[in-house]
1. Out of all the residues in region 36-56, which are touching a helix residue (DSSP H, G or I) at 6+ places or on another chain (Cβ under 9 Å) and part of a strand (DSSP E or B)?
2. For region 202-248, give me the residue count where each residue is under 17 Å from Glu287 (Cα atoms) and either aromatic (Phe, Trp, Tyr) or outside any helix (DSSP H, G or I) (or both).
3. Out of all the residues in region 254-265, is one or more outside the structural domain of Ala153 (by TED's automatic domain parsing), outside any helix (DSSP H, G or I), at pLDDT 85 or above and charged (D, E, K, R)?
4. Going by the conditions given, is Val33 of a type in the set (A, V, I, L, M, F, W, C), under 23 Å from Lys117 (Cβ atoms) and assigned by TED's automatic domain parsing to the domain that holds Pro110?
5. Name every residue in region 248-282 that is without any contact (Cβ under 8 Å) to a residue 40 or more places away in the chain, over 23 Å from Arg158 (Cβ atoms) and buried (at least 19 other Cβ atoms within 10 Å of the Cβ), in order of residue number.
6. If I filter region 178-197 for residues that are surrounded by fewer than 20 Cβ atoms within 10 Å (Cβ to Cβ), farther than 24 Å from Pro100 by Cα and of a type in the set (Ser, Thr, Tyr), do I get at least one hit?
7. Only one of these conditions is not met by Thr300: (1) over 30 Å from Pro100 (Cα atoms); (2) modelled with pLDDT of 85 or more. Which number is it?
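The values are calculated or read from the model by the stated rules, or taken from the named source; none is laboratory data. Because the structure is predicted, anything quoted here is derived from the model rather than measured. Cβ: placed from backbone, ideal geometry, glycine included. Neighbour counts: every protein chain shown.
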Amino acid sequence: MLRLFLGDDRVSMEAAVAGITAQLDAAVATANVSRFDGTTLDLQTLAMACCSLPFMGSLRVVVVQHLADRLKSLSREAVAEFTAAIASMPLSTELIVLEPDFQGDSRNHPLFGLASKLGEVQHFVLAGGGDVSAWIAQKVGLLGTEISLDAAAELYRRVGDDSVRLWVEIEKLATYCLDQGRIEIEQVRELVAPTLESSVFDLVDAIGRKETAKALRLAQELLLHQGEPVARLLAMIGRQFRLLIVIKDLQATRTPPAQIASQLEVPAWLARRLSEQSQRFSMPELEKALEHTLYADYATKGGTTTSEEAVVLQMVAELTASA
């Protein structure tokens, strides 16, 4: 059977794989499970693995990750030869193709048609209903405890859409709060450090709200407490403003949200957050913010005698003070 797993919920995706491999006889499981990286894999090697019979058992599991781009880079003839081999693999083979980073319509995946006929296509989406908090609460429940709504929202704000890191933090929080039976926002703030991406998002959001004190505090935390290189920080702030400019332009032409996510090559949840954030700025403000970021980048690379940290803080103060 060919199983095509798509989506950004890598935790649930790997749990599904584990459920399939659990069917193997433990004595020969190691010999009957093969994992490959599809980005560099030779397709003939993969086809041979899929067409091989299991060793002293009734099931062989072949797992390959990130295969879509590899297939798209090949000629039509090479892909046709590979799919023909997969279509003729023995019933004892479970081929599982994991695509945690695949963007766009799943029907555009090179193996979608074949998987629909020979097996199944499953979607593992972190925010299937648009609410990551529900996913967090469900995973917390698996560990025998609960989480408040504001704690789940804070955890998501700090970690973002990385399901693997979310799961790691959930396990840590659940262990810490097991006696209390509930994870509260105080524990999240105490135990979970925000990612650079979420901190930059919060900083840009504070700039959009013209909250000078909060924006300066967030910038100082990024510069001092997280110890991020100024060049990298400015690059991420600049990228954020560029994305907002593109979204603002797409919104002006009434581009549907799904197309916005596709054109930006970002997950739908991030496109939604960026769309909401873009409402805090006018287009002239975004253009000015990007100009300030570029100037600050130039200044920190030798264009001024002012310290790098002072340049960033001055930039933030000017942007939040602007009309």
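1. Here is the first cut: in region 36-56, the residues touching a helix residue (DSSP H, G or I) at 6+ places or on another chain (Cβ under 9 Å) are 36, 38-41, 43-44, 46-48, 50-51, 54-56.
Result: Phe36, single match.
2. Matching residues across region 202-248 total 3.
3. Scanning region 254-265, I find at least one residue that is outside the structural domain of Ala153 (by TED's automatic domain parsing), outside any helix (DSSP H, G or I), at pLDDT 85 or above and charged (D, E, K, R), so the answer is yes.
4. Taking the combined requirement at face value, the residue does not satisfy it.
5. Lys248, Leu250, Ile260
6. No, the conditions are met nowhere in region 178-197.
7. Unmet condition: (2).
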